[in-house]
Amino acid sequence: MPEMSPAELRARLAAALPDALVDVAPLAMTPPPAHGPQPGMFHPPDPFVHPDHLVAAALFVRDTLGYALLSDIAVVDYLYAGCFELVYRFYHPSGGPGIVLRVRVPRDAPQVPSLTPHWPAANFHEREAFDLFGVEFVGHPYLRRIYMWDEFEGFPMRKDFPRQGDKYLGGDE
Amino acid sequence: MLQTQELQVNIGPQHPSTHGVFRMLVTVDGETVVDLKPVFGYLHRNHEQIAEANTYLQNMPYTDRLDYFNSMANNHAYAMAVERLAGIEVPERAEYIRVLMVELTRILNHASAVGFMINDMGAWQTPLAFGMREREKILDLFEMASGARLMCNYFRFGGVARDLPPEFIPNLRELLVALPAYIDELERLLRDNEILLQRAVGIGILPREVALSYGVTGPVLRGSGIPYDVRKAEPYSVYDRFDFDIPIGKVGDVYDRFLVRIEEMRQSKRIIEQVLEQLPDAKGGHINPKARQNVRPPVGDAYARIESPKGELGFYLVSDGSGKPYRYKVRAPSFINLTPLADMCRGYKVADIVVILGSIDIVMGEVDR
Amino acid sequence: MMEPPFEIEIPRGRVIEVQRDDSRVRRGGGLLRGMAVIWKHWKESFRLNRSYSQIHGTFTIQYPEEKPRIPEAYRNMPILLYDDETGHELCTSCFQCERICPPQVIHMTQAKDPATGKPVPAVAEFIIEYDACMSCGFCAEVCPFDAIKMDHEFELSTDDHAQLTVHKAQLNRPISYYASIAPTMWAEVRESALKKLQGNIRRRPDVIGIAPHLTERIAARRAELAAQAAAPSPAAEPASPPAPSAPTEARKLTPEEKAAKLAAIRAAKAAQAGDGVTPSAEGGTPAEAPPADDKAARLAAIRAANAAKKAAATDAAPAATGEPTTPTPADDKAARLAAIRAANAAKRKQAADSVDTEEGS
Amino acid sequence: MYDILQALINGTFGWGWPDWLIYLISSLVVVTIILVVAPLQMLFFTYYERRVIARMQDRIGPNRVGPEGIWQPIADGVKMFTKEDIVPEAADRIVHFLAPCVVVAPTILMFAVVPWGPGMTPVDLPTSLLFFFAVSSISAVGLMMAGWASNNKFSLLGAMRAVAQMVSYEIPAVLSLIAIVMIVGSLSINSIIEYQAGLLISNRDLPGIPDLGLGWFVFTPVGFVAFIAFFIAALAEGERTPFDIPEADSEIVAGYMTEYSGMKFGLFYLAQYVLNFLLCAITAILFFGGWQGPGVNWLYAQAITPTNPDGNGLFNVLAGALGVFYFLLKTYIFFFVMVWLRGAFPRLRIDQLMDFGWKFLIPLTLANLFSAAVWVAFTRWGAAEGMLITVGWSPVLRWLAAFIITLAINIGVYLWLTQVYAASQAERRRVELEELSATL
C-alpha cells in the first residue's frame, strides 16, 4: 500500500510543478480572547497549492502519483482570517492513507478553477461548495445550486450568514 | 416519416421509487432515456450548519439522521473523527462492539437495499419483506444494546454508550443461524431468476475506469470491479484482526452490484463470528473512563472515514479549540455515488432508471443532508 | 485516462469475483426455483414464529392485542422520578440535561425557598417539549442524580398538540415504576441515587421538591393531624399552624389550582354553551346569569393575564386571598406559568446574546 | 336459464306463458346475476389476493374488519365511494369520465358467455369463444382513453404500454386457443367443455369405466403448451405480475390510473379484477374442463335438459352445484397461481415483454398449432383424408402415436426456441452495449 507523508508530497510537487506551491502563514481561527489561554494557530502540514495551478497539481496527483480516487472537497470558511480553504482529499486505489491538497482563496473573490472537466468526481462536490459557500468554480459545466432552491440568496454555510427563524430565538409566545 | 418529439418527464419528487424526495428530470425519446438531471435538496436541512451550532457530543444523535438505515455506521465515523481530533483512546472491547454493530448494520442495509432494488424492478414486496424480517431482528438487537431501533445514538467518544446487555450475545448467535439460511434462500429466489437476469444483466453499466474517475465508493465501486474497501485499504478500528474477503463484480452492471451486496452480507457474517470469538478476550470496558462528555479538542483538523454500507463515509472536522466544531463536513457516500447516475442511465429505458437508482442504494437523508 | 494498478494488497482475505453465469441458456428453471421458495413460505406461514433462528413462519405481532418485547434499554421519552416513600423528586435542577439536550427541549426553573429566597436543590417547574424531543437519551445519561430516565411508554399520540409540551406533573413517575420497567439498570444506580436524594432532602425546606400530586395528600394528612392535635387541647389552637406561612401557601396551592382549573373549564363551557344552557349544571354560581357567562369568562381571563404580567414583573407569588373566587386561583396558576416562561425567555435571550457577541466579531 | 324457466313455468307449473315473456324474464334474471356476481367476485378476489400474498411474505394480511378481515373489501369499497373525485384541470373531462365505463363494460359483457355449470351458460352463443376475445380487446380502447384524457405523462406512458401489450399478447393467446378449437372443431365454449369429458383422453370413454370428466386438454402435449402460452398471455392481458407493466408502480406511478381517484379508480380496479377472474375462468374452461369433473356428467344425465325433458329437477340443482364448485375451484386455483407469481417475481421491461411475446410465445404457439394439426390428423383422419398410416389402428394406438409425436415436436420446439431466444437476447444486449460504449 503506498504511503506518502505531506512532506514527501510537497517535495514531489515542488519538483514537478515549481510554481504551484505557496507558503502560508499559520492561521488564527477566532479573534484572540481577552483573557484566558490563547488557542493555538492552525497550520496543517499539507501542501498549499496556488489556485491557478490547482488543476495541474490535481492531475499530477492522479496521473503521476496514482491517487486516482478524489474522495472529498471540503470548504472551510475562516471568517476571521478572511479566506476560504478548500481541502482536496485523494486516495490511492491500492489503499493506504490519503493525501491532501489545500487551496486558500480570499473570501471576497472566491474563485477556483474547476476540476470537473478533467475529473468528473469533483462535480457534485464543487456544486455543493458553490451552493453552500459561494465558491465559484471557473470552468464548471453546470454550476448551479444543488441543495438550496435557485432563487435562494446568500450562502448558508458561510460563517457570517445570519441565523434566523429559530424557534427559540425568534418571536415571543 | 412520422415526426417524433422528445418528452420531458419528472420522476419525483413524489414518486414511489425515488427512495425519498428525489427528482430526476428525464428526457425520454419514447421509452429510451436521452438525458437525466438529478435534482435534490428537498430534504436539505443544513445538517452541517446545525452541527456547527452544537457541541461535539450533541451532534451524535444528528449523525443518526444522516443515513437513517445505518445510524451505527454514521456514529462510528463521527466518533472516530472526534477521537482523532481530540486524541481519545478507545478500549479494545469498545472497538469490538463497534465493529460488531457496524457489520450488523451492513447486513441490515444490504438486506433492505437488495429488497428495495427488487421492489423497483416490480416484485411485489416479497424480497423486501424477507429482507425487512432479518432487518427487524437486527434492529431488535440494536434496541437491546442502545435503546433505539433506528436512531441508535450508541457510540460515544472513547467507546460506546453502554455495554452489551447479557441477552444480546445469545440472541445474536440465534440470528447467525438464520442469516445464512436467509441469504441462501434469497439467492435461490432471485439469483437465477430469468426475469431478474433480464432486468439486471447489462443494465446501468459503470466500467471500472469510469467508476473510479467518478469517485464512487462502496458496493457500486466494487461492483465495477475495483477491490477498494476502506476496511482493507486503510484498516481502522480492529478490522486488521479479521479474515474476510472483498467481493468484486465483473461488468459493473446492476446484477454485479446485487451479487456483491449478497456476498458482502456473507463476509459481514464472517466478521461477526470472529468478533464473537475474540470479544471475551478483549481488554478494557465499553468506554474509555477518561473520555468526557464535554470534548474541547485543540485547534486542528481531522478526517476519519469508514466503509459504511453505502460507501466511504467521511467526517471532516475542524476545531477552533472551543466545545463546538468550527467546521463539520460529511462526505456522504450516497451523495457522491449519484454523480454518475446520468451517465449510467443514458440509453436505457425509463423502467431501468429506477432499477439503476435502486442499485446505487441511496438514502435521501444522507444525500440532501 | 490512465489505467491505475488495481491490485490491492489484502492482508487477511482475498478478492473474490462474484460468480455470474449469465451467459448460460436458461429455460425457466430459475423461475420455478423461486416459486418453490415462495411456496415454502406460504406453506409455513400458518404457524407463528418468534424465534431469531427461523426464517419461516408468520412474524407479525398483532399490535394492540400483543405488545412487542421491549428491552430494558429501550428509550422513548424522558420522565422524572420521585421517591415512593418520601415523595421527593430526585431532580435537583442542576441544568445538566437542559444543557446537553441537542434539540433544546428541556426547560426548568429551580425552586426557591420562599422564606429566604435562596435556591433549593429541587425543581419548581420542569417542561419537556415531547413534540421536538429526539429521544437521544443524553438527558438520562448525564443526569448526576438519576432523576431523569427514559420511559418505555410509546403510545403518546394525541390530537392536541399542546399536550405534547409536558409539565412536571405529567412527567413524574415513582421510582417503583422505573424499577419495574428497567430492573437491572435501576439496580446499578440505586444506591448512589438514593444516597444523593437523602442528602438533597435535607436541604429542602418543607414540601418543596415533593411531587405535586403528593403534596395534596400530604396537605390533607397534615390538616388531619392538626385537627387531631387541636381537638384535645383547644387552648393550643391559635398556635397550631406549625409550618411557616410560605409552605402553607405552597401547600394550599394545589387545591386552589384544582379549583382554578375547574372554574376555567366551567367558564369555557359556559362561554361555549352561551345562552342556550340552563345554569343548573353550575349551581354553585347562581350569581352568574347565563347571558353574562361569556363576559364573565373573558373578564376573568383578562384579569388573570394582568395579574400574570404583574407577577412576572415582580417575580413574587401573589398573596393567596382566603376566598376561593374564580379569578384569583387562575391568576396564581397563570402567573406561575408566565413567570417560568419569562424567566426561560430571558435566559435564552441572554444565552443568545452571549453567542452573538462571541461570534459577531 | 331459458330452459330451466321454460321447464319450470310451462312444464312443472303448466302456466303456459308465452315464449317471449320467458325469454325476457330469463334475460333479466341472467343480467341481474351477472351484475351482482361480477363485483362480488372482484371483492372476493381482492381479499383473497391480499391474504394469500401476505402469507407468502410471512405476514397475515388484512384481518381487522370482520372475522379474519372478510369485510375488508367492503370497507375498501366504502372508502372508494367516499373519496373525492378529482379530475385534473387540463384533462379532457368527457373522455376522462367515459374511460372507466368503457373499460368496465366489456369485462362485464364477457361474463355472458361463461358457463358456470352444466346448462348454466347465460348466453349460449355458437361462437362464444370469438365473442369473448373480441369483447375483451375493447377495453384497450378504454385504457387508451384514460391515458390520453388524463393529460399526464405517466398516464400516457402507461396507456401506451397497456395498449401495446394487450395488442401483442392477444395474438399468442388466440393462437394457442386455435389449437384447441382445431381439435374440438367448434368455437362454442360449451362444446369445448363437453369435449373434455371422459377419461384422461379427451372425449374418449373406455367401456366399463364411468365418465369421470377428466378429459382435460392440459393432459395432452398440445393442450399443455397451449395452456402455458395462454396463461402467460392471460397474465399479460390481465396486467398481472410479471407483466403488470402498464401500471408499474415503481416506474410510472400507476400508469393510466394515475389521475383517477374515488370510484372511477374503483371501476378500473373492478375491471381489472373481473378480467382476471374471467381469464382464470377461461383458462379453467379451455384446458381444465371448466365444470367437468367426476360426477357432474352422471348427475346431469338425470336432470331436466332439452334432450331429456323427463329428468328430475333435483339433479339439475345437484349437477349445477357440483359443476359450479369444480369451476370455481379451478378458477380460484388459477388465481392463486397468479398471486403466487406476483409474490415471487419482478416484472419485465416493456421491450423485453414485447420480445418475449413476439420472439418466443408466438413461434411457440405457431409450432403448437402444427402439433394440433398432427394430433387431429392422427386421431381423426382416415384414408379418406389421405392419412394412410393410421388405417387400421385402434383408437388407443392412434391416440398414443399422436401423443408421442406431438410431445416430441413440442419439446423440441421449446428447447430450440429457448436457445434461439437466449441467443437473440444476448445479441441484442451486445448491440446495446456497443451503442452505449460509443456514447460514453
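The values are calculated or read from the model by the stated rules, or taken from the named source; none is laboratory data. The shown structure was predicted, so the numbers you read here are calculated from the model rather than taken from an experiment. For neighbour counting, all protein chains shown are included, and Cβ atoms are generated from backbone atoms with ideal geometry for every residue, glycine included.
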- Item | Checking residue D:286 against (1) in contact (Cβ under 8 Å) with a residue 12 or more places away in the chain; (2) within 25 Å of residue D:187 (Cα to Cα); (3) surrounded by fewer than 24 Cβ atoms within 10 Å (Cβ to Cβ), the condition it does not meet | (3)
- Restricting attention to the stretch B:226-241, and to residues there that are part of a loop (DSSP other than H, G, I, E, B) and buried (at least 23 other Cβ atoms within 10 Å of the Cβ), which single residue is farthest from the other protein chains (Cβ to nearest Cβ)? B:229
- strands (runs of 3 or more DSSP E) completely within the stretch B:1-100 that count 3 or more residues being in contact with a Lys or Arg (Cβ under 7 Å, 6 or more places away or on another chain): B:7-11, B:32-39
- Message: Can you go through C:119, C:103, C:68, C:114 and tell me which one is surrounded by fewer than 21 Cβ atoms within 10 Å (Cβ to Cβ), away from chain B (no Cβ under 14 Å) and either within 24 Å of residue B:142 (Cα to Cα) or touching a residue at least 60 places away in the same chain (Cβ under 8 Å) (or both)?
- Response: C:114
- Note on the structure: Residues in the stretch C:18-65 that are among the basic types (Lys, Arg), surrounded by fewer than 16 Cβ atoms within 10 Å (Cβ to Cβ) and modelled with pLDDT of 85 or more total 2
- Message: Considering only residues that are out of contact with any Asp or Glu (no Cβ under 7 Å at 6 or more places or on another chain), touching a residue at least 60 places away in the same chain (Cβ under 8 Å) and facing chain B (nearest Cβ under 10 Å), which ones fall in the stretch D:241-275?
- Response: D:241, D:242, D:243, D:244, D:245, D:248, D:252, D:253
- Identity of the residue in the stretch C:47-65, among the hydroxyl-bearing types (Ser, Thr, Tyr) and more than 18 Å from residue D:62 (Cα to Cα), that ends up farthest from the other protein chains (Cβ to nearest Cβ): C:51
- Item | Hits in the stretch B:287-311 - residues which are more than 23 Å from residue B:69 (Cβ to Cβ), of a type in the set (A, V, I, L, M, F, W, C) and either within 14 Å of chain A (Cβ to nearest Cβ) or surrounded by 23 or more Cβ atoms within 10 Å (Cβ to Cβ) (or both) | B:299, B:302
- Task: Kindly indicate the residue of the stretch A:77-99 that is within 8 Å of chain B (Cβ to nearest Cβ) and within 12 Å of the chain's Cα centre (by Cα) and also nearest to residue B:314 (Cα to Cα) among those meeting that condition.
- Result: A:89
- Query: Which of the residues belonging to the stretch A:28-57 are modelled with pLDDT under 80 and either within 26 Å of residue A:137 (Cβ to Cβ) or touching a His at 6+ places or on another chain (Cβ under 9 Å) (or both)?
  - Reply: A:29
- Return a yes/no flag: does the stretch C:180-190 have any residue that is more than 14 Å from chain B (Cβ to nearest Cβ) and surrounded by fewer than 19 Cβ atoms within 10 Å (Cβ to Cβ). yes
- Query: Can you tell me which residues in the stretch D:385-414 are hydroxyl-bearing (Ser, Thr, Tyr) and loosely packed, with under 13 Cβ neighbours inside 10 Å?
  - Reply: D:394
- Query: Here are B:256, B:245: which of them is charged (D, E, K, R), within 14 Å of residue C:15 (Cα to Cα) and either more than 14 Å from chain A (Cβ to nearest Cβ) or in contact with a Ser or Thr (Cβ under 7 Å, 6 or more places away or on another chain) (or both)?
  - Reply: B:245
- Hey, could you check the stretch A:119-145 for residues that are at the interface with chain B (Cβ under 10 Å from one of its Cβ atoms) and surrounded by fewer than 17 Cβ atoms within 10 Å (Cβ to Cβ) and say which is nearest to residue A:54 (Cα to Cα)? A:142
- Message: Take the residues in the stretch B:346-362 that are part of a loop (DSSP other than H, G, I, E, B) and either surrounded by fewer than 24 Cβ atoms within 10 Å (Cβ to Cβ) or on the phi > 0 side of the Ramachandran plot (or both); name whichever of them is farthest from the other protein chains (Cβ to nearest Cβ).
- Response: B:361
- In the set B:183, B:203, the lone residue that is part of a loop (DSSP other than H, G, I, E, B) and either more than 7 Å from every other protein chain (Cβ to nearest Cβ) or under 19 Å from residue B:122 (Cβ atoms) (or both) is B:203
- Could you check the stretch D:307-425 for helices (runs of 4 or more DSSP H) lying wholly inside it with 2 or more residues that are more than 21 Å from the chain's Cα centre (by Cα) and under 23 Å from residue B:192 (Cα atoms)? D:350-355
- Got a sec? Which of B:54, B:46 is at positive phi and surrounded by fewer than 24 Cβ atoms within 10 Å (Cβ to Cβ)? B:46
- Query: Checking residue A:109 against (1) farther than 17 Å from residue A:42 by Cβ; (2) within 12 Å of the chain's Cα centre (by Cα); (3) among the small types (Gly, Ala, Ser), which test does it fail?
  - Reply: (2)
